[in-house]
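In what follows, a structure is listed as structure tokens, so that the remarks can point back to it.
The values are calculated or read from the model by the stated rules, or taken from the named source; none is laboratory data. Computed from a prediction, not measured in an experiment: that's the story for all the values here. Every residue, glycine as well, gets a Cβ built from its backbone with ideal geometry; the counts of neighbours run over all protein chains shown. With ligands, DNA and RNA removed, areas are computed over all heavy atoms of the protein, side chains included. Shrake-Rupley method; radii C 1.70, N 1.55, O 1.52, S 1.80 Å.
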Amino acid sequence: MKAIRSIFRVVLLFFLTFGIYGVWLVGRILIPNKVYWRQLIFELWAKGFVRIASIKIEVIGEPPQPPFFLVSNHVGYMDIPVIRSLAKGVFVAKHDIGDWPLLGRMILNMGIIYVDRGRRRTIPRAGEKVIERLSGGEGVIVFPEGTSTKGEEVLPFNSSFLEFAAQTDTPVSHCSITYRSDVEGVRPSDWICWWDDTPFFKHLVRYFQIPSFVAVVNFGAEPIVDPERKKLAAKLHDRVSRSFIPMN
């Protein structure tokens, strides 16, 4: 039964992803407001993913309204559809995602901002893209830990991702995300978090075997402003850590 459920969901996700991308390709020719159309398509995909995976979302606080700059802890790829189903924005992602065959192009077309975390000089360019998105009325979401984790704690935030925010006095919103499962034998840190060397597709197939689970997203009440990026990173890390619920 688990294998059948997983295969069925993978097939559904395939048709959702490529079907909705086809709709976007047609719509971008006919619809003049390109940002609105891109954001609508991204939102439909995110909510479709959440439905296919049977993710129940518990929301604490109020998601920020665009334009916003939002930081969150990060445990795996499912953070993207969960957060995006609640907050209308684009993500900052690792540059190697852009090298994925076909999917890289699709993700780029959804407004994702790529950054090479191993080459610090590319981070200011990403900051320019962030400012461009914010100026266009969009939200931007970043995972400043720089990697996904096992969900035991929130890793220190990389302050370089916040340099532009500190320099421009941009208010930074924050949230924490965690998962729990009531299914016996399903540990979120093993089944939901993607922190080891398991290939993406293999993890996705295993992940889709879970009947359902709960995502808890806790949005902070007030954004933070600080002209010093390291202090800004420390303050944000403290707020996110305080609301974060460790996973087993």
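Post the alpha-carbon centroid distance, the range 1-75 to the range 144-172, in whole angstrom. Comparing the Cα centres of the range 1-75 and the range 144-172, I get a distance of 24 Å. Since only Gly127, Ala46, Trp191 are under comparison, the one whose Cα sits farthest along the positive direction of the charge dipole of the chain, derived from C-beta charges on Lys, Arg, Asp and Glu, is Ala46.
Residue ranges 158-171, 49-62 sort as 158-171, 49-62 when ordered by packing (mean number of other C-beta atoms within 10 Å per residue, highest first). Note on the chain: with a GNM built from Cα contacts shorter than 10 Å, the maximum mean-square fluctuation among His237, His203, His74 falls on His203.
Across the range 1-108, Cα-Cα pairs more than 24 Å apart make up 29 percent of the total.
For the range 1-61, the equivalent ellipsoid derived from the Cα gyration tensor has semi-axes of 27, 18, 4 Å, listed largest first. Taken about its Cα centre, the chain carries a charge dipole of roughly 600 debye when the Cβ of each Lys and Arg holds +1 and the Cβ of each Asp and Glu holds -1.
Solvent-accessible surface of the range 15-107, taken per residue with a 1.4 Å probe and all protein chains present: 49 Å². The Kirkwood hydrodynamic radius of the chain, based on inverse pair distances between different Cα atoms, is 18.5 Å.
In this entry, the range 108-222 is assigned a mean projected area of 9.2 nm², taken as a quarter of its C-alpha convex hull surface. Long hydrophobic helices in the chain: the complete DSSP H runs spanning 24 Å or more by Cα along their own axis with mean Kyte-Doolittle hydropathy of at least 0.5 are 2-30.
The portion of the accessible surface of the chain made up by carbon and sulfur, rounded to a whole percent, is 59 (1.4 Å probe; DNA, RNA and ligands excluded). Summing Lys and Arg as +1 and Asp and Glu as -1 over all other residues whose Cβ lies under 10 Å from the Cβ of Phe68 gives a net charge of 0.
Using a probe of 1.4 Å, the accessible surface attributed to Arg206 totals some 80 Å² when neighbouring protein chains are kept in position.
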